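A.B. asks: My questions all concern the structure below.
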Amino acid sequence: MASVAAIRDGLKVRLQTIAGLRVHEYHAPRIEPPAAIIIPGDPGRSNTYAVKFDATMGRGSDDLVFTVLVIVSNVVERASQDKLDAYLDGSGASSVKAAIEGEGTLGGIVSFAVVSAIRQYGLVQYAGQTFLGAEFLIEVTT
């Protein structure tokens, strides 16, 4: 089974295929947009797991959830919203979904990784600042 750290690294590699997106695999005290921060679990919901062990019998697989926070700017204007919208698209050069699912095994370390949802589109708080952003929920099975 791949470790949480290895999966986080695999997600970072996939997200780095998006030109100009700065990818942080750990919480950072300062962020320069556009940026993506990879967070194990779903910090927006207290009843959601980060890792669910033994999804299949006999340690066959584990299920994991990651949140990728994508931020573009702390100024709400049309250009910022257009930039964020491109990350939300289901396909294209800036699509988070296309980047991750384009090699959904993350280099062969997991069975699959999929972008299952996007939420929190709008103003988000990170490192004491307000940005325009959105959260992408990534489901991974090892």
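A.B. asks: Could you derive backbone 3J(HN,Hα) for the range 19-36 from the dihedral phi with the Karplus parameters 6.51, -1.76 and 1.60 (θ = phi - 60°), listing whole Hz in sequence and x where the residue is Gly or Pro?
C.D. replies: Going residue by residue, I get 4, x, 7, 7, 10, 10, 8, 9, 4, 10, x, 9, 10, 10, x, x, 8, 10 Hz, with x marking Gly and Pro.
A.B. asks: Of all the accessible heavy-atom surface of the chain, with the other protein chains kept in place and a 1.4 Å probe, what percent is carbon and sulfur?
C.D. replies: Details: 3660 of 7130 Å².
Using a 1.4 Å probe with all protein chains present, the chain comes out at 51 percent carbon and sulfur.
A.B. asks: Taking a 1.4 Å probe, which of Arg30, Arg14 shows the most accessible area, and what order do the others take after it?
C.D. replies: Working: Arg30 200, Arg14 50 Å².
Correct descending sequence by accessible area is Arg30, Arg14.
A.B. asks: Can you compute 3J(HN,Hα) from phi for each residue in the range 126-134, using the Karplus curve 6.51 cos²θ - 1.76 cosθ + 1.60 with θ = phi - 60°, rounded to whole Hz and x for Gly and Pro?
C.D. replies: 3J(HN,Hα) across the range 126-134, in whole Hz: 8, 6, x, 10, 9, 10, 8, x, 7.
A.B. asks: So how strong a dipole does the range 65-128 carry about its Cα centre when Lys and Arg Cβ are +1 and Asp and Glu Cβ are -1, to the nearest 20 debye? Walk me through the numbers on the way to the answer.
C.D. replies: On the way: 4 positive and 6 negative charges, 29 e Å.
Taking the Cα centre of the range 65-128 as origin, the dipole is about 140 debye.
A.B. asks: State in Å² the accessible area per residue of the chain; use a 1.4 Å probe, count heavy atoms of protein chains only, and round to the nearest integer.
C.D. replies: Solvent-accessible surface per residue comes out at 50 Å².
A.B. asks: Now a separate question. Beyond 16 Å, what share of the Cα-Cα pairs of the range 75-142 is found? Please give it as a whole percent. If you can, show how the numbers build up before the last one.
C.D. replies: Working: 1223 of 2278 pairs.
Tail fraction, whole percent: 54.
A.B. asks: Give the long-range amide H neighbours of Tyr126: residues separated by 5 or more places, or on another chain, with amide H under 5 Å away, using H modelled in the peptide plane at 1.01 Å from N.
C.D. replies: Amide H neighbours of Tyr126, under 5 Å, 5+ apart: Phe131.
A.B. asks: Continuing with this model, one more query. Considering only C-alpha atoms, what is the centroid distance from the range 1-45 to the range 65-130, in Å?
C.D. replies: The two parts, judged by their Cα centres, are 10 Å apart.
A.B. asks: Of Asp9, Asp62, which has the most accessible area with a 1.4 Å probe, and how do the rest follow in descending order?
C.D. replies: Numbers: Asp9 70, Asp62 10 Å².
The residues order as Asp9, Asp62, largest area first.
A.B. asks: Tell me, what is the percent relative contact order of the chain, built from C-alpha pairs under 8 Å that lie six or more residues apart?
C.D. replies: Working: 304 pairs, mean separation 35.2, N = 142.
Here the relative contact order equals 25 percent.
A.B. asks: Mind checking which of Gly104, Gly122, Gly41 has the largest fluctuation in a GNM of the chain, springs on alpha carbons under 10 Å?
C.D. replies: Gly122
A.B. asks: Distances over 17 Å make up what percent of all Cα-Cα pairs in the chain? Display every interim value, and only then the final one.
C.D. replies: On the way: 5745 of 10011 pairs.
The proportion of pairs with Cα distances above 17 Å equals 57 percent.
A.B. asks: With θ set to phi - 60°, apply the Karplus curve 6.51 cos²θ - 1.76 cosθ + 1.60 along the range 75-84 and write out the HN-Hα couplings as whole Hz, x wherever there is a Gly or Pro.
C.D. replies: Each residue of the range 75-84 in turn: 10, 8, 8, 4, 4, 5, 5, 4, 5, 5 Hz.
The values are calculated or read from the model by the stated rules, or taken from the named source; none is laboratory data. The structure presented is a predicted model; accordingly, all values stated were derived computationally and were not measured. Note that each Cβ is placed from the backbone with ideal geometry, even for glycine, and that neighbours are counted across all protein chains shown. Accessible surface is based on the protein model in full, side chains and every heavy atom, while ligands, DNA and RNA are left aside. Shrake-Rupley method; radii C 1.70, N 1.55, O 1.52, S 1.80 Å.
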